Ligand SMILES: Cc1cc2nc3c(=O)[nH]c(=O)nc-3n(C[C@H](O)[C@H](O)[C@H](O)COP(=O)(O)O)c2cc1C
């Protein structure tokens, strides 16, 4: 089966993220922020797909963060988004980001298998154990205490995998789920199952990810290169100790311009001059109190990165500087980058024109062969 997430020969895999959400990943009030509509989603997906990017990842979000931008208040639901994006692309792996607490595993297994068929075996699951209680309040769902969320997610995933793999009906009597005569057809095209990503960031989240996921979607602390390198090595070691391998993917926010000054000026404009401080403060308050990803001090220092690209890692400067940055990340152990921009359509095209050829020259990627 041909899933570029696992099969791509490229040293650094690429993807585009969060374009199913208004404002994408940038918490800013600039006029050109991503308005988010279907035509633009389709155009961007096709552009990234044709350029040989390995992944298209939607953010799972049910409610915005307030502020003038009301960051992420308009979002396409990710499994239905994935089915539609799968139908208009032919190469990239299409993710859905699924919140275990609000999606029943029997429904999730079948929806995922459906998308995998539409995609010809290019589906992947980004599983979220949950952290944003405000949005779960809409479902009347109370999140379990932090540590227990991952027990719940593990049982959820056990059930989904059995439904994907077992041909005979089975009864299930777990702590969180009980059912009789469980069964799901068709199976996903990918065997034994589609790839799984998880962005758990706490000690428990990392352990879950090492045990159950093929990729950890990491938020680097960005204190210094040595500690980021150690963070990635530790994530991979956790999987190796369990006899597994795990890729490390990170989110990068990109501002690429002809000169470094232009890039830095634009970053300053959308983050410092026109960043949405109310929305980012709400986000930090919720993320800080409901997840165990970053300590309070790191969170405060992270405000800039949250406004610039939802806590991602900066790649800012000329195309040459950006490729040098990617090479550093690759040497630190990063396997894949999920990119966000302010102006997805314009800046993705610029990436394809200016950055991709330099990545190929640097041996970080091979030219994409297309549909041939
Ligand atoms: C790069 C990245 C992307 C994430 N994407 C989503 C998302 O789309 N939806 C969501 O609800 N949570 C998302 N999360 C949250 C994580 O899945 C996780 O719940 C959070 O980091 C808390 O980790 P913890 O449960 O280990 O404390 C993301 C986290 C990171 C680091």
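Here, each number is a calculation from the coordinates, and none is a lab measurement. The shown structure was predicted, so the numbers you read here are calculated from the model rather than taken from an experiment. No Cβ is skipped: glycine too gets one built from the backbone with ideal geometry, and neighbour counts run over all protein chains shown.
All C-alpha to C-alpha distances of region 217-372, sorted into 10 Å bins beginning at zero, yield P(r) values of 10, 34, 36, 17, 3, 0 percent in whole numbers. Within region 1-157, what percent of beta bridges assigned by DSSP are antiparallel, to the nearest 5? Percent antiparallel among DSSP bridges in region 1-157 is about 10.
Using the Cβ-Cβ distance between residue 185 and residue 304 with R0 set to 35 Å, the FRET efficiency works out to roughly 0.10.
For the chain, the extents of the C-alpha atoms along the principal axes are 63, 49, 42 Å, listed from largest to smallest. Output the 0 to 90 degree angle, nearest 10, between the alpha-carbon long axis of helix 105-118 and the longest principal axis computed from the alpha carbons of the chain. Its long axis makes an angle of about 60 degrees. The residue 80 and residue 259 beta-carbon pair, evaluated with R₀ = 30 Å, returns a calculated FRET efficiency of approximately 0.10. Counting beta carbons within 10 Å around each of 219, 138, 283 and listing the fewest first gives the order 138, 219, 283.
Helix 38-50 and the long axis of the chain differ in direction by around 80°, with both axes built from C-alpha atoms.
Residues within the reach of a label modelled at residue 63 (point 7 angstrom out along Cα to beta-carbon, backbone nitrogen below 13 Å), restricted to region 113-133, are 131-133.
Taking the DSSP beta bridges with both ends in the chain, the antiparallel portion is around 15 percent. Per residue of the chain, the DSSP helices (runs of n ≥ 4 H) give a summed -39500 (n - 2.57) that works out to -12500 deg cm²/dmol at 222 nm. Between residue 35 and residue 273, the distance separating the two model label sites (each 7 Å from Cα on the Cα→Cβ line) works out to 2.2 nm. For the listed peptides 336-347, 176-187, a ranking on the average number of other beta carbons within 10 Å per residue, highest first, reads 336-347, 176-187. With both labels modelled 7 Å from their Cα along Cα-to-Cβ, the residue 331 to residue 266 distance reads 2.7 nm.
The residue 320 and residue 225 beta-carbon pair, evaluated with R₀ = 22 Å, returns a calculated FRET efficiency of approximately 0.70. Residues within the reach of a label modelled at residue 46 (point 7 angstrom out along Cα to beta-carbon, backbone nitrogen below 19 Å), restricted to region 70-89, are 81-89. If the chain linking residue 211 and residue 104 were pulled fully straight, counting 0.36 nm for each residue of separation and taking away their Cα-Cα distance, it would gain 36.4 nm. Roughly how tilted is helix 203-212, in degrees to the nearest 10 and between 0 and 90, from the longest Cα axis of the chain? The helix 203-212 is inclined about 60 degrees to the chain.
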